[in-house]
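Participant: Structure incoming, see below.
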Amino acid sequence: MTAAVKTEKALHVPALPARQQAARPSPERWALVAGLGVLLVVCMIALPQFRTASLLTTMINTQSLVLLLALTATVVLRVGAFDLSISQNMVASAALVAQLCLAGVPPLVAVGAGVLLGAVIGLINAILVVKVGVDSFVVTLGSYTALAGLSYLITDSRVISQVPAVFTEATRTNLFGIPLLTWYAWLLAAVLWYLYERTPLGRYMVFIGGNHRAARLAGIPVAGIQVGCYVASGVLASLIGVAFIGYFGAVDPAVGGQYMLQPFAAAYLGATALTIGRFNALGTVVGLYLLIVGITALQLLGGQTWVTNVFYGTALVVSVTAAKLVGRKGRIKT
């Protein structure tokens, strides 16, 4: 009997192979996917604009940054904690990279500095949450606020618009008619899917998120995995910051707040699909696309700009509630 199976039994989680679990009949796990399909069909019938490929590709491409952030959010959420600082980490790292490039630093060196900043922020969050024991919501909200101030300091409270062309080429260049930024988001989704669903580490993350004390007693290196998740979240956020530079061709230190709620709404909504009660990569993709289809439909029907915030705020409350309910049903706390 392998160590992974022993651990699963100790935590009272069925030790079924991943393929066998996926084959088990569970209509609920496909409800969100079906909902996205139904919503698309209704929109295509009611709104002629939805019948054009250009609108569909535009919706997908414009949400690539949000999708990257949502997938990054699942890394820490999966171990039962929060990292609210990821959007502002993205902006601060982007500001640092852009400012260094303006100062004549080679782009590759500047990117290394940005990634280092993200890793340090992730490590600080990890030390305060894992080692000191401060609540993750409080710590990462504080980090978010501090990084907002740091972004203004780095940019001298102005928009940095002169960025090297290498960044825009690395994100806006089309591959099969789709910008590279969108491919990066899909690639991250594939990597995280494999990590979460096909590796022992993915199972350990679920166990820690469900009951970290029981996971520790079962021999799982809880603290090490939690620290690793925070550092990984910080590094991913900083890399998304590099993509942010290329996508917009500029860095505005004030935009962090615009990307704070959407990733978590998509992540929590995704926890109600495919792998019920667990934060997962593919569910997050489906959740985000469902949200953007709903928002786009409301805007085409004449909704004002405030509709987006209302929709995302409502979706966050509903998705968190739904995730908690299905988490109790699945005996694993999310």
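The values are calculated or read from the model by the stated rules, or taken from the named source; none is laboratory data. The model shown is predicted, which means the values in this text are computed figures rather than measured ones. All Cβ positions, even for glycine, are placed from backbone atoms using ideal geometry, and neighbour counts span all protein chains on display. For accessibility, only protein heavy atoms count, side chains too; no ligands or nucleic acids. Shrake-Rupley method; radii C 1.70, N 1.55, O 1.52, S 1.80 Å.
Participant: Given the condition of a type outside the set (Phe, Trp, Tyr), within 21 Å of Ala250 (Cα to Cα), open to solvent by 30 Å² or more (accessible area, probe 1.4 Å) and modelled with pLDDT under 95, answer yes or no: does some residue in segment 142-149 qualify?
Facilitator: Within segment 142-149, the first condition is being of a type outside the set (Phe, Trp, Tyr), and the residues that meet it are 142-143, 145-149.
With the extra rule that they be within 21 Å of Ala250 (Cα to Cα), the set shrinks to 147-149.
With the extra rule that they be open to solvent by 30 Å² or more (accessible area, probe 1.4 Å), the set shrinks to 149.
Filter again for modelled with pLDDT under 95, leaving 149.
For segment 142-149, residues of a type outside the set (Phe, Trp, Tyr), within 21 Å of Ala250 (Cα to Cα), open to solvent by 30 Å² or more (accessible area, probe 1.4 Å) and modelled with pLDDT under 95: present.
Participant: For segment 229-334, please list each of the helices (runs of 4 or more DSSP H) lying entirely inside it that holds at least 1 residues being over 18 Å from Gly35 (Cβ atoms), modelled with pLDDT of 80 or more and open to solvent by 30 Å² or more (accessible area, probe 1.4 Å).
Facilitator: Once the helices (runs of 4 or more DSSP H) in segment 229-334 are filtered for at least 1 residues that are over 18 Å from Gly35 (Cβ atoms), modelled with pLDDT of 80 or more and open to solvent by 30 Å² or more (accessible area, probe 1.4 Å), what remains is 261-270.
Participant: Next up: Considering segment 81-109 alone, what residues qualify as being surrounded by fewer than 24 Cβ atoms within 10 Å (Cβ to Cβ) and more than 18 Å from Leu71 (Cβ to Cβ)?
Facilitator: Matches in segment 81-109: Gln99, Leu100, Cys101, Leu102, Ala103, Gly104, Val105, Pro106, Pro107, Leu108, Val109.
Participant: Scan segment 31-52 and report the pairs whose first residue is open to solvent by 50 Å² or more (accessible area, probe 1.4 Å) and whose second residue is of a type outside the set (A, V, I, L, M, F, W, C) and not in a helix (DSSP H, G or I), with Cβ atoms within less than 9 Å and a gap of 6+ or a chain change.
Facilitator: Ala31/Thr272
Participant: List the number of the failed condition for Thr199; all other conditions in (1) open to solvent by 10 Å² or more (accessible area, probe 1.4 Å); (2) polar (S, T, N, Q); (3) farther than 24 Å from Ile124 by Cα; (4) in contact with a helix residue (DSSP H, G or I) (Cβ under 8 Å, 6 or more places away or on another chain) hold.
Facilitator: Tallying (1) open to solvent by 10 Å² or more (accessible area, probe 1.4 Å); (2) polar (S, T, N, Q); (3) farther than 24 Å from Ile124 by Cα; (4) in contact with a helix residue (DSSP H, G or I) (Cβ under 8 Å, 6 or more places away or on another chain), Thr199 fails exactly one: (4).
Participant: Pairs please, first residue from segment 256-279 and of a type in the set (Ser, Thr, Tyr), second anywhere and at pLDDT 85 or above and open to solvent by 20 Å² or more (accessible area, probe 1.4 Å), Cβ atoms under 9 Å, 6+ apart in sequence or on different chains.
Facilitator: Here the result reads Thr275/Glu197; Thr275/Leu282, each pair linking segment 256-279 to a residue that is at pLDDT 85 or above and open to solvent by 20 Å² or more (accessible area, probe 1.4 Å).
Participant: Here is a further query. Scan segment 222-275 for residues that are within 13 Å of Thr72 (Cβ to Cβ) and of a type in the set (A, V, I, L, M) and jot them down.
Facilitator: Scanning segment 222-275 gives Val231, Ala232, Val235, Leu236, Ala237, Leu239, Ile240, Ala243, Met260, Ala266, Ala267.
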